[in-house]
Amino acid sequence: MADRLRGKVALITGAGMGIGREAAVLFAREGARVIAGDINGAAAQETVRVVEAAGGQALAVTGDVALEADVERMVADGVRRFGALHVLYANAGVLWKDRDRSVLETDADWWDRVMAINLKGVFWLTKHGIPHLQRAGGGSIVLMGSVSALVGFTRAQDAYTCAKGALISLTRSLAIQFAKDGIRCNIIHPGIVDTPLQAPYLTEELRREFRAGIPLGRIAEPREIANVALFLASDEASFMTGAELVVDGGFTAG
Ligand SMILES: NC(=O)c1ccc[n+]([C@@H]2O[C@H](COP(=O)([O-])OP(=O)(O)OC[C@H]3O[C@@H](n4cnc5c(N)ncnc54)[C@H](O)[C@@H]3O)[C@@H](O)[C@H]2O)c1
């Protein structure tokens, strides 16, 4: 199968590594032309290199999703290059467990920065991206939530949790508002995934704890989340909107 996104142009934020890079490679393999956005320009370029080496098409666009002017430019550059936009995958996000903790311990500046990237970044992407999806006659928006928006943890990361929780509400609001335009919006809630985002915190002890606490007995590979994003981005999910897909190895089922 290599046609699931044929003819589509997909903008993926945070495409320089982790789940975003995996999604860029997968989307391109399924026929999409990919706009790979990242604050780390070299990482975005490397994603493009990997996509092109596999015979796909991609464009690197560099910028901070927290800044409206950057997002506006990334969208415009992508549309200029590929002529349209059909898929918005708001994947960029940060997890700073050392600075984003319980509300009792988190400085206001770090709270604001996490919110600016994980929540306001999605505002800018949808604000500037949706008009292009409307012009294209429809499209798919995929947001990245987290199981931390669904359950409390004693090891708190409250800004991250609140930003991800707010995205659930935004998913439903966008789904209802833009259904008339043929635009779907859904959210994925990953459990723990083995990516550079988690790498600084994944001690052997924590890995053991996760293996014991996750019914499937392991943490996820980035591809296992990117596969779900691919499904939601594609027309295979044509009757899905406003939905939450939990991809956590059974963690929240317990
Ligand atoms: N890894 C996990 O365990 C996990 C679990 C639940 C949800 N998620 C979510 O999945 C998404 C991707 O996570 P990941 O683990 O692949 O992360 P990652 O850190 O491995 O990759 C994230 C990418 O986003 C980019 N980025 C960071 N800040 C940015 C900004 N301000 N503007 C533009 N790009 C920026 C980084 O440079 C990086 O390339 C995030 O939204 C994250 O919250 C991850």
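Values computed for the structure shown
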read-out: Residues of the range 46-68 satisfying the condition of being touching a helix residue (DSSP H, G or I) at 6+ places or on another chain (Cβ under 9 Å) and of a type in the set (Gly, Ala, Ser); value: ALA54, GLY55, GLY56, ALA58, ALA60, GLY63, ALA66
read-out: Residue list for the range 103-137, restricted to those being small (Gly, Ala, Ser) and closer than 16 Å to THR171 by Cα; value: GLY121, GLY129
read-out: Any chance LYS8 is more than 9 Å from the ligand (Cβ to nearest atom), among the basic types (Lys, Arg) and farther than 30 Å from LEU206 by Cα; value: yes
read-out: Set LEU85, LEU95: member being touching a Leu at 6+ places or on another chain (Cβ under 8 Å) and within 28 Å of TYR160 (Cα to Cα); value: LEU95
read-out: Meets criteria (without any contact (Cβ under 8 Å) to a residue 40 or more places away in the chain and on the phi > 0 side of the Ramachandran plot) for GLY217; value: yes
read-out: Residue tally, condition within 9 Å of the ligand (Cβ to nearest atom) and among the charged types (D, E, K, R), over the range 187-245; value: 1
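Read-outs throughout are calculated quantities, based only on the coordinates presented, and are distinct from any laboratory measurement. Because the structure is a prediction, the values reported are computed rather than measured. With ideal geometry, Cβ positions are generated from the backbone for all residues, glycine too; neighbour counts draw on all protein chains shown.
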